[in-house]
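Below is one structure, written out as structure tokens, with a few remarks after it.
Throughout, read-outs are computed from the coordinates displayed, never taken from laboratory work. For clarity, every value in this text was computed on a predicted model and none was experimentally measured. Glycine gets a Cβ as well: all are built from the backbone with ideal geometry, and neighbour counts include every protein chain shown.
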Amino acid sequence: MKIGIIGAGTIGTTLAKHLTRACYEVLISNSRGGETLKEKVKEIGGNISAGSLQEAAEAAVVFLAVRWEHAQEALSAISLDGAILIDMTNASLPEFIGAEPGSKTSSEVVSEWAKGAKVVKAFNTLYAHVLAENPKVDGGNRVIFYSGNDKEAKDVVSGIITSIGFSGIDLGTLHEGGKLQRFPGGPLPTLNLIHTK
Ligand SMILES: NC(=O)c1ccc[n+]([C@@H]2O[C@H](COP(=O)([O-])OP(=O)(O)OC[C@H]3O[C@@H](n4cnc5c(N)ncnc54)[C@H](OP(=O)(O)O)[C@@H]3O)[C@@H](O)[C@H]2O)c1
């Protein structure tokens, strides 16, 4: 399965390393073009290349790893028809932090911007230095929370989570799960749980 990553900063790079270690084919992108990512691609290693935003968007599964203030701009520049978009962003804005019960979560807003994509929120609750560590710990697996409205998309994301060594926990819809994953303000961010069998 080919995986695209939009954003080649701290969290995009961290995720790319897990994916290439698990032998996924990865294409990573940033705002300045693939030619600026030659050193980054060497650092990550494995089956990875750098390309344009649209090339990343053409993968079956696409990670969104940009700062919230750049998310709409990045998504408006691409066509994501039918792709699964994994939203790793955190929106530190008053309208999301401590929001009224009925109000939208940030991933619901991302869904509106990412036309044609099936959005799953995942990998946003751990600090990058924790996410970077080996997910297999003391006979268990580090937990990744995910939520989304499309069951098939969540099954694919769950498979990726497992295949790179983590243990996924499905929190439900983007509305309900998104509230639990909200950073800051939700109860789950920064929790570093290990799932033992
Ligand atoms: N860092 C963490 O511990 C952590 C943990 C969980 C979740 N997150 C979330 O992950 C997201 C990224 O955080 P980060 O720490 O990785 O940020 P970062 O290090 O600043 O990296 C941001 C990346 O986004 C790219 N970018 C900016 N605008 C873009 C655009 N319009 N189109 C395409 N790419 C664009 C940047 O590329 P250029 O350099 O070319 O502009 C850069 O590669 C944030 O929403 C953050 O809340 C971060």
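Tabulated data
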{"item": "Condition check for ASN47: polar (S, T, N, Q) and over 23 Å from SER79 (Cβ atoms)", "result": "yes"}
{"item": "Pairs, first buried (at least 17 other Cβ atoms within 10 Å of the Cβ) in region 134-163, second of a type in the set (D, E, K, R) and part of a helix (DSSP H, G or I), C-beta under 6 Å, six or more apart", "result": "GLY148/LYS154"}
{"item": "Residue count, region 66-78 (criterion: assigned to a loop (DSSP other than H, G, I, E, B) and loosely packed, with under 14 Cβ neighbours inside 10 Å)", "result": "1"}
{"item": "Region 61-82: number of residues that are over 21 Å from LYS17 (Cα atoms), among the β-branched types (Val, Ile, Thr) and either in contact with a Cys (Cβ under 9 Å, 6 or more places away or on another chain) or more than 9 Å from the ligand (Cβ to nearest atom) (or both)", "result": "0"}
{"item": "Enumerated helices (runs of 4 or more DSSP H) restricted to region 1-60, each holding at least 1 residues that are more than 10 Å from the ligand (Cβ to nearest atom), of a type outside the set (Asp, Glu) and farther than 18 Å from ASP81 by Cβ", "result": "10-21, 38-44"}
{"item": "Where GLN181 falls short, out of the listed (1) farther than 18 Å from THR14 by Cα; (2) over 14 Å from the mean Cα position of the chain (by Cα); (3) not aliphatic (A, V, I, L, M)", "result": "(2)"}
